[in-house]
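*Asks:* I am attaching a structure below and will ask some questions about it afterwards.
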Amino acid sequence: MLDPISLGAISAVLGAVGSGMGSEAGRWAWETAGGLVRRVTGREVAAPTTPGGLTEVARLVHDGVLNDPQLARAWTLFAQGVPVRDALPGTFARRAGLPASPRFFTDRQEALKTLDKEATRAFDGRPRLALLHGPEGIGTSTLAIHWGWRQQARFPDGQLYADLRALGSDAALGTLLRQLGLPDEEVPPAAADRADLLRRCLADRRLLLVLDHAQSAGQVRALITSAPGVVTLVVARQPLAGLDALRVPVGPLARKDAVRLLTDLVGKPAIGAARATLPGVLDRCAGSPYALRAAAPRLTAVAPAAITQSPVGDPVPDVPDAVGAAAEDSYRLLSPDAARLYRLAGLYAWPDLDAAAAARAADLAEAEAARLLEELADALLLEHTGSGRYRYRPAVRAHAERVAAATDGIAACSAAVARTVEHYLHLAVGAARAALPESWRVPAGTSPVSYGDRGTAVAALAAEAQNLVQAVRAAEEFRDWDTVVRLCQALWPLQLKAGHHDVLLPALQTGARTADAHFPGSRTAGSLHAQLAHSLTESRRWDEAEPEALAAARDERAAGHTRGHASAVEFLGLLRLRQWRFTEAYDSFEEAARILDGIGPTDEGAADLPRARALLERHRGRALRGLGRRDEARERLERALRFFRDSGEAYNTARTLTDLAETHLDGAESTAALALVDAAIEALGQENAVYHLAHLRILRERCVSVG
């Protein structure tokens, strides 16, 4: 058993605490670790943000506890409450995460043999890694998925799948960890911690990992493991420079295999009946499985002469490839309404669309849009993504965009995108106001979209997160600055309640940049800098978060928004708690309290003052605890506790009781701490606070151990 005060054990504990900050309990543990590091070293030590920094802090702790039994016992008791996860429980990954394989699969025998050989070669330290590459519609994804299903027995620990079309590497790491069974609250906030945890989770697994639609080597590098039992298939449209993988090029089907696929799809009688037209179809499809599948329904149902005019009578445009040609042929058989929806909904690269968004793009009733979307999916012009949503293949969307420009004109195309952006704005504002009706951070005004409760509203924002980010980009391109900032403000409940920081950061950066350029020194600018600072903090990008928090305070002060100014300074203090800068954190909370004193009884924010001051008392208590000033910390925390108990705030009551219990434990007052822990558990009652309760149970065990 590893000695808890050995350098390795201390490093492991600090690493586990740092990677566990996705939940509030994890952030508590990090704050406790900072105070304990200060106590052990006798000075304030900056929180580590790199592996090298963590090793240095571990060395300082090791040196401090080595010859001091009291400090060694304090560290050991803390470490015993920190779960150091080497991997996830084995039952979590025993699942198949691959999409369905198509019923008919033709040829690719050489590629399948190559993949078999890579999966079974003697392991020599090199990752078992293959890159399947070929032009869009040629079947690279289908090949990877078909091989994966065929090889289930080789991967008893499961199959993981990530579609990288709209995901950066940080978000993809989170997706894979969730597929392994990790709850959102336990997904590490920092990309490096996610990558490290994924590698550890896969270290002794026999598992397939498929990374589909990769765009660069940098996007996938953090997702690749050298675990001997893991085979990784990367799927891309072209070879990825810098990726050291076995390359498996995927080209067009041979003519005989193309005929076989069509025969599987439509049957021998239909192929025989289409003998005269078959050569032209094969030429136009050029060996593309997608084009062949799209051509199959019309092979004998439509004479070639019928495919000469579009639904509005325009001449056939030039098409650059087989996928574009297939899209053109399918498009010409659509009903006029479906053709119009296809054109207008495809004008912007939305990650996926539901009937409500498509209806706004084409200015239709939602029920009619839903019917037309199914018509487009039947024609293979859209793909089902699940939950009633659809998406375009990139080349198909490019075709829709070209045809829309030629058919509808620039003004109509711009109006369609603007209507879709407006749809997402209404959805976001309605959801934000339902999720946080009391917050002054969410955008003002009404929305035609409403939600019955907070949870439903947050879920709606989460479901549309990637589309909302894209709507911010579209509004920026349209130079619609007001919509940019309102959309970003509406993301606040999602940030606060559900995270999604890795997805939202690009939009928030756009929002803060837009506010500086077009709304400088305003409440809007202050709010957006604060939102960006929050997501950067939760992502452990603290050096980037600090200037954003300072900018938020600057803009709120310039705008004369006293409540917002105090909140920004308070947030700066919370950031500094996370950085273990306890003296500066306390000073920030003191400054925030002085700013609140400037709010008069009839001023904006006056009604919120008692609660705001109680929260600051709690935060000051936390900072004082980190500084080792336990008596003062208890006094501040007890004031906060009285307010939260009197106002009936169960969750904040439990949080403050937990802070008090931790403070008593710091002074080895286990009996008092135990009573506070039990009171916190009781206060939570029916609250859905799984991770807080788990933290309290660990804290209770520490109380009993000390006692």
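The values are calculated or read from the model by the stated rules, or taken from the named source; none is laboratory data. Remember, predicted model here, so these are calculated numbers, not experimental data. When we count neighbours, we look across all protein chains shown, and the Cβ atoms used for this are built from the backbone with ideal geometry, even at glycine.
*Asks:* Kindly provide the set of residues from region 519-543 that are under 27 Å from SER23 (Cα atoms) and not in a helix (DSSP H, G or I), ordered by number.
*Replies:* SER539, ARG540, ARG541, listed by residue number.
*Asks:* Considering LEU180, LEU129, LEU112, LEU143, which residue is within 20 Å of SER226 (Cβ to Cβ) and at pLDDT 90 or above? Walk me through how you get there before you give the answer.
*Replies:* Numbers: LEU180 fails: at pLDDT 90 or above; LEU112 fails: within 20 Å of SER226 (Cβ to Cβ); LEU143 fails: within 20 Å of SER226 (Cβ to Cβ).
Matching residue, one of LEU180, LEU129, LEU112, LEU143: LEU129.
*Asks:* Could you list, in sequence order, the residues of region 104-147 that are of a type in the set (A, V, I, L, M, F, W, C) and not in a helix (DSSP H, G or I)?
*Replies:* Correct list: PHE104, PHE105, ALA122, PHE123, LEU129, ALA130, LEU131, LEU132, ILE138.
*Asks:* Could you tell me whether region 623-641 includes any residue that is part of a helix (DSSP H, G or I) and under 32 Å from the mean Cα position of the chain (by Cα)?
*Replies:* Yes - at least one qualifying residue is present in region 623-641.
*Asks:* Next up: Take region 675-707 and flag every residue that is among the acidic types (Asp, Glu) and modelled with pLDDT of 80 or more.
*Replies:* Scanning region 675-707 gives ASP678, GLU682, GLU701.
*Asks:* Check region 169-183 and report whether any residue there is touching a helix residue (DSSP H, G or I) at 6+ places or on another chain (Cβ under 8 Å), of a type in the set (Lys, Arg) and either outside any helix (DSSP H, G or I) or free of Cβ contacts under 8 Å to residues at least 12 places away in the same chain (or both).
*Replies:* Checked region 169-183: at least one residue is touching a helix residue (DSSP H, G or I) at 6+ places or on another chain (Cβ under 8 Å), of a type in the set (Lys, Arg) and either outside any helix (DSSP H, G or I) or free of Cβ contacts under 8 Å to residues at least 12 places away in the same chain (or both).
*Asks:* Filter region 3-28 for residues that are closer than 14 Å to ALA74 by Cα and assigned to a helix (DSSP H, G or I) and give the result.
*Replies:* Once the filter is applied, which keeps residues that are closer than 14 Å to ALA74 by Cα and assigned to a helix (DSSP H, G or I), region 3-28 yields ILE10, VAL13.
*Asks:* Keeping to region 665-687, report how many residues are closer than 18 Å to TRP75 by Cβ and assigned to a helix (DSSP H, G or I).
*Replies:* 4
*Asks:* Looking only at region 32-58, how many residues end up being in contact with a Leu (Cβ under 6 Å, 6 or more places away or on another chain), within 23 Å of GLU185 (Cα to Cα) and not in a loop (DSSP other than H, G, I, E, B)?
*Replies:* Of the residues in region 32-58, 1 are in contact with a Leu (Cβ under 6 Å, 6 or more places away or on another chain), within 23 Å of GLU185 (Cα to Cα) and not in a loop (DSSP other than H, G, I, E, B).
*Asks:* Would you check which residues across region 579-607 are surrounded by fewer than 20 Cβ atoms within 10 Å (Cβ to Cβ) and not in a loop (DSSP other than H, G, I, E, B) and list them?
*Replies:* THR583, GLU584, ASP587, GLU590, GLU591, ALA593, ARG594, ALA606, ALA607
*Asks:* Another question, if that's okay. If the requirement is being modelled with pLDDT under 90 and out of contact with any Lys or Arg (no Cβ under 7 Å at 6 or more places or on another chain), which of these qualifies: VAL248, VAL281?
*Replies:* So the residue among VAL248, VAL281 that is modelled with pLDDT under 90 and out of contact with any Lys or Arg (no Cβ under 7 Å at 6 or more places or on another chain) is VAL281.
*Asks:* Those residues that are assigned to a helix (DSSP H, G or I) and surrounded by fewer than 20 Cβ atoms within 10 Å (Cβ to Cβ), I need them from region 544-561; list them, please.
*Replies:* Result: GLU544, GLU546, PRO547, LEU550, ARG554, ARG557, ALA558.
*Asks:* Out of ARG199, ARG247, ARG205, I need the residue that is assigned to a helix (DSSP H, G or I) and more than 17 Å from the chain's Cα centre (by Cα). Which one?
*Replies:* Just one listed residue meets the conditions, ARG199.
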